[in-house]
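Following: one structure in structure tokens, then a few remarks.
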Amino acid sequence: MALGEVQWRVSTEKPIFSSPCVYRPGSVVFGSHDGMLRKVCCRSGEIVWAANLQVDKRASSQSLDSFEEFGDCLKVRDELFVLGIVQIQLEINELAFEAVLDLLSAVADVRDSQEVEQSAIGSILAAAEQDMVQDAAHNLQRLRDFRGNNYFVQFSVNQSEGEGEGEAVQFPTEENYVPDAILDHFTPVSKRTTWKQRYFVNEEFWGGHGFPVFLYIGGEGPLGPKAITNRTFIYYMAEQHRALLLALEHRFYGKSYPTVDMSTPNLMYLSSEQALADLAHFHSFVTDKYGLTDEKWVAYGGSYPGNLAAWVKLKFPALFAGTVASSAPVRAKTDFFEYMEVVGDGLRYFGGGECYHEVELAITQFAELMDGGDEGRKKVNDLFKPCYPMTDEFDDSVFETSVMGAFQDIAQYNAIHEGVMTLSDVCEHFAKPGDAVGKLASFLEKTRVGDCLDSKFQGAPNGTVEVLSRDQFDGESSARQWVYQTCNEFGYFQTTTSVRSPFHALRAVTEANVGTEICKRVYDIDVAPDVAGANLDYGSLGIEVEGVTFPSGTIDPWHALAVQNSTDLHSYSSKAVFIEGTAHCADMYYPSERDSPQLQWAHKKIAARVEQYLQDRDYRHDVAATPLTPEEVEAVE
């Protein structure tokens, strides 16, 4: 096979079909649950097996059509079960490399969100370009590191795909572009330039003029049509109120490209201020397009988009009747040590002090090995399989972040999706007999993607600096953009510097290593993020804004920077909905009978608040709850 061609072979030890699978190079064939061979049908919800697949197509200007078709299908799948991916054989050059990684990422997401056999992606072999093959071999873990553990905070509806929902995802949405989105809203009108910003529309329930408009705010990742389908709470609410459903993608993410690339000079146009102005411009665009007059708008956002939901009501109060800001870390903070404290609280909540201390012991023993000279490092290599040799403290910080990242991912989305490891599972694992550090190694073997843990800060093709320096748009990548936003505005650097965390022994996960040094080397930002400016501009936890609902969960590590019941809101009409035992953005998913009583209560509270927004309720006349007198308590008893 000539260099420049790609061969992807998926095989299993046990066939699923009684008849042989027939395929030919250049085609993509799937076997479905009824045993029939089918071409790709990405939205059918019927695909349950990917086996004996071969793509053999030259990487050229035609660009691996069949290869990309398979990857696209995985990305928009409804229910896809991959039971085993035993071997991948690739022979690639620069032209094909990014397409290969896109597909590997899609397969990794399938494994993350499904109950699959633990037959790992076994090996990647090539006849040439060995350095590139080494990149691909553990790029899955690198992609995961930047997908959600300690960088992204965005709610992603795609995470719900592993739930085994009985009802198929509906796609009554239309993709469009705002043709005259403004690059710099704060430059003089005569110097403004425009670009095209992607948005989605769902008119399934809309009653027409006079009925409300519900806007889903996109954030630090590609926006897809599922944001406004029957996987989300906003869809449920739209059905109740016959609302027009819209979703606007955030500039610089997905397919919303304001500039030719993501070079550092162009990232000056990536800010929360510009994003808020985009929302106001979009409001005007939709109003003109649909001939709207006095229809009420309600905006929904989760995580960073939750911030935007609160802040757009603050900055443009007349445009929205109200907003729902779920799991919104409205307090910017550079050293976010509280994140790992809450992860520890979650371990204690589900497994008691025993679970907390078992994990703490395992992390402490791991840290002792890291500090144990050549002998300790050899044991680390044998047990935990770093992808690269660690040569300095920055490499150590990447490796230790990979270790704690496994706990972060589970804690942040705990018990939201079926078939995914929970904090209770973590506690059960660490309660088993055996030495603590050995249990940590087996835990990481279960949770990691690929065959090693990332361990290179700079100096490898997919070291932290190299990954974050990739400045070309591809419709999927989000790491460079989001980390820039944290370096510039928010901080959010998750560290292990608090002794209240069971991860405090990880000495290398400091603000300097996981924040400041990255900002300096990747973006040439040698000053701290302007968190003081962000908090002054938006109000932090003292935000003075009317008509915002702030749901968040007690298990969500981001709630430490979010509005809670104890927060003193300077408003009649803004309220916290603090949900016991729930994780990040749990309230944003479509209601289910499997929801906990606490989550069901929260959905009712949020729905009632939205109802109030649409009715123009005067909150100043609400009667505040007062404590019962001793006599009243005695009477009740």
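Values in this text are rule-based calculations from the coordinates and carry no lab data. Just so we're clear, the structure is a prediction, and the values are computed from it rather than from any experiment. Positions of Cβ are backbone-derived with ideal geometry, glycine not excepted, and every protein chain shown enters the neighbour counts.
Before moving on, here are some points about what is shown:
- Pair-distance profile P(r), taking every C-alpha pair of the stretch 350-531, with 10 angstrom steps and integer %: 9, 34, 36, 19, 2
- Label-point gap, in nm, between V499 and Q564 - each point 7 angstrom along Cα→Cβ: 2.1
- Paramagnetic reach from D382 in the stretch 351-365 [backbone N under 18 Å; point 7 Å along Cα→Cβ]: 365
- In this label model, K196 and T391 are separated by 4.5 nm, measuring between points 7 Å along each Cα→Cβ vector.
- Nonlocal Lys pairs with alpha-carbon distance under 17 Å, the stretch 350-531 (8 or more apart, or different chains): 7
- Label-to-label distance for E428 and E445 is 1.9 nm, based on points extended 7 Å past Cα in the beta-carbon direction.
- Extension gain for the segment Y269 to E611, taken as residue separation times 0.36 nm less the Cα-Cα distance, is 119.5 nm to one decimal.
- For the pair the stretch 449-522 and the stretch 556-590, the centres of their Cα atoms are 27 angstrom apart.
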